[in-house]
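The values are calculated or read from the model by the stated rules, or taken from the named source; none is laboratory data. Computed from a prediction, not measured in an experiment: that's the story for all the values here. For neighbour counting, all protein chains shown are included, and Cβ atoms are generated from backbone atoms with ideal geometry for every residue, glycine included. Heavy atoms of the whole protein, side chains included, go into the accessibility calculation; ligands, DNA and RNA do not. Shrake-Rupley method; radii C 1.70, N 1.55, O 1.52, S 1.80 Å.
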Amino acid sequence: MLDSLGIQWPKLIAQFVDFAIVLFVLWKFAYKPVFNMLEARREKIAEGVANADKIKSELARTEAARQKILADAGDLANKIIADARAAAARVGEVETQKAVTAAEQILIKAREAAAQERAATLAALKREVGRLVVQTSMAVTGKILSPVDQNRLAEETQRQIV
């Protein structure tokens with residue numbers, strides 16, 4: 001029946017054997033190395049993807065740590081600035097108190113100096129008025145007063161002025 005189709009058993013078996021040999025040679029020297037190479041590439045790609053994921057997660061952790069450090073540094077800087085402002089305010093307050101105290105001392109000294117100057121001027125004025133009274137009295141009376149009379153007249157004038 002296969003003869004009627006033109007199939008001859010010995011040639012068919014020979015072709016199967018030839019096909020099996022070619023298939024074995026191709027499998028051994030062509031397909032197996034190609035499959036091994038493809039498997040190695042697949043493993044490298046999987047390893048690369050795993051490394052990329054690991055690097056991505058590490059980068060995310062590093063970025064989070066960097067943001068935290070920046071936030072902490074900002075908080076620390078704000079605290080230092082606040083402390084510096086508070087210290088400056090305290091120093092300013094102390095300096096203001098010192099200036100107020102110094103100004104009060106200057107006012108007290110100025111008042112004391114003015115009082116001393118007033119007292120000295122008043123004493124000089126009293127002496128001058130006494131001298132003028134004696135001189136006027138001498139001119140009006142036409143006589144020369146003795147030093148005792150001059151002192152008595154100057155003292156009476158001074159008592160009346162005060």
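Along the charge dipole of the chain, Cβ charges K/R +1 and D/E -1, which of 120, 110, 52 sits furthest on the positive end?
120
Leaving out ligands, DNA and RNA but keeping every protein chain, what accessible area does residue 94 have, in Å² rounded to the nearest 10, with a 1.4 Å probe?
Surface open to solvent at residue 94 totals about 70 Å².
In square nanometres, what is one fourth of the surface area of the convex hull spanned by the alpha carbons of the chain?
Mean orientational projected area (the chain, Cα hull): 26.9 nm².
Would you mind calculating the gained length between residue 64 and residue 31 on full extension (0.36 nm times residue separation, minus the Cα-Cα distance), in nm to one decimal?
On the way: separation 33, 0.36 × 33 = 11.88 nm, distance 4.87 nm.
Length difference between fully extended and current span is 7.0 nm.
At a threshold of 8 angstrom on Cα-Cα distance, excluding pairs fewer than six apart, so keeping six or more, what relative contact order does the chain reach in percent?
Values: 22 pairs, mean separation 22.5, N = 162.
The normalised contact order for the chain reaches 14 percent.
Sorted from largest to smallest, which semi-axis lengths in Å does the alpha carbon gyration tensor of the stretch 1-85 give for its equivalent ellipsoid, taking the root of 5 times each eigenvalue?
Working through the eigenvalues yields semi-axes of 76, 11, 4 Å.
Expected output is a single nm value to one decimal: the length gained when fully extending between residue 39 and residue 21, i.e. 0.36 nm times separation in residues minus the C-alpha distance. What is it?
On the way: separation 18, 0.36 × 18 = 6.48 nm, distance 2.52 nm.
Here the segment from residue 39 to residue 21 would lengthen by 4.0 nm.
Connecting C-alpha atoms closer than 10 Å in a GNM of the chain, tell me which of 55, 21, 108 has the biggest fluctuation.
Between 55, 21, 108, it is 21 that shows the largest mean-square fluctuation.
With each pseudo-label sitting 7 Å past Cα toward Cβ, what's the residue 78-residue 91 distance in nm, one decimal?
Output for this residue pair reads 2.4 nm.
Considering the options 130, 33, 148, tell which one lies farthest towards the positive end of the dipole of the chain, charges being +1 on Lys and Arg and -1 on Asp and Glu at the Cβ, about the Cα centre.
The one lying farthest along the dipole's positive direction is 148.
Put a dot 7 Å past each Cα toward the Cβ at residue 110 and residue 152; how far apart are the dots in nm?
4.8 nm
Only four residue types carry charge here, +1 at the Cβ of Lys and Arg and -1 at the Cβ of Asp and Glu. Report the dipole size of the stretch 48-162 about the Cα centre in Debye, rounded to the nearest 20. Walk me through the numbers before you get to the answer.
Numbers: 18 positive and 15 negative charges, 38 e Å.
Rounded to the nearest 20 debye, it is 180 debye.
Could you please state how large a percent of the accessible area of the stretch 50-162 is carbon and sulfur, counting protein chains only and using a 1.4 Å probe?
63 percent
If I take all pairs of Cα atoms in the stretch 54-129, what percentage of them are more than 20 Å from each other?
69 percent
Projecting each Cα onto the charge dipole of the chain (Lys/Arg +1, Asp/Glu -1 at the beta carbon, about the Cα centre), which of 158, 14, 65 comes out farthest on the positive side?
Of the listed residues, the answer is 158.
Can you give the accessible area per residue of the stretch 11-162, in Å², using a 1.4 Å probe?
I get 85 Å² per residue for the stretch 11-162.
Cα to Cα, under 29 Å, and not fewer than 8 places away if on the same chain: which lysines meet these conditions relative to residue 44?
Filter leaves 28, 32, 54, 56.
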